[in-house]
Amino acid sequence: MQISGKGTFITIEGIEGAGKSTAIKFIADWLTKKNIPHVLTREPGGTEIAEAIRGLFLAHHQETMCADTEILLMFAGRAQHLANFILPALQRGEWVVCDRFTDATFAYQGGGRGINLQRIADIEQWVQGELRPDRVIVLDLPAELGMQRIRTRGGNSDRIEQEKIAFFERVRQIYLDRAKKDPARYCVIDASQDLEKVQTEIAKVLAKLGEKL
């Protein structure tokens, strides 16, 4: 999968309660102040068809959704998202800021559900080719703290948010393992610290990434 433009692809990862939405708003404000053209998106979702897949993926069903169905739905939505949103934006030279991407599939379906990581990597290569995010920001915090934040937030929990603590501990570990293997592309930020400190670290990542372009 070739990209002719000079866009920059940033993804924000982390378990529930890590503060991804707040981080993305901060990033958008930072890019706006720097007059950097950008778009915001999310996974699963990002296009009409991918959002419909998101609804199916996160909804509660009387029938149990098997792990293989989860991963195939994720990559079906991702293929649509790439073709009709992410790639066109990158080709226009814009920065794409995405709430989750394929690292989440490794973490949730690999770590959480126990799907073989090589199987995920094989599908990743098929759907994405050589395309990978330029920078992955992992907002890290203990699973228990993340769940406390979700409970404090209130509202109805989706199908994934209702998983047990052990599930999210496995998810977190995969994120950390992947970041450790590729420190040049991943940045792990302690999301349990004060918001101001988190945003300061994010700003440093953005500034450093901008210098390399």
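Brief remarks follow.
- The chain: DSSP helices with Cα axial extent of at least 18 Å and average Kyte-Doolittle hydropathy no lower than -0.5: 20-33, 67-81, 165-181, 195-211
- Relative contact order, whole percent, for the chain stands at 33, derived from Cα pairs under 8 Å and 6 or more residues apart.
- Distance violations [Cα-Cα > 21 Å] among Lys25/Lys197; Lys6/Lys208; Lys6/Lys180: Lys6/Lys180
- P(r), alpha carbons of the chain - 10 Å bins starting at zero, rounded %: 8, 35, 40, 17, 1, 0
- Cα shape, segment 47-106, gyration tensor, a/c 1.5 rule: prolate
- Selection among Gln91, Thr69, Ala59 by position relative to the dipole of segment 59-102 gives Gln91 as farthest towards the positive end (Cβ unit charges, Cα centre).
- Once the Cα gyration tensor of segment 145-213 is diagonalised, semi-axes √(5λ) in Å: 28, 17, 10
- Placing unit charges on the Cβ atoms only, positive for Lys and Arg and negative for Asp and Glu, gives the chain a dipole magnitude near 480 debye about its Cα centre.
- Amide hydrogen neighbours beyond the local backbone of Arg42, cut-off 5 Å, H modeled: Asp99
- Farthest toward the positive end of the dipole of the chain, out of Tyr108, Ile10, Ile120, is the Cα of Ile10, where the dipole comes from beta carbon charges about the Cα centre.
Where a number appears in this text, it was derived from the coordinates with a stated rule and is not lab data. These numbers were taken from a predicted model, which means no experiment stands behind them. Cβ atoms come from the backbone with ideal geometry, glycine included; neighbour counts cover every protein chain shown.
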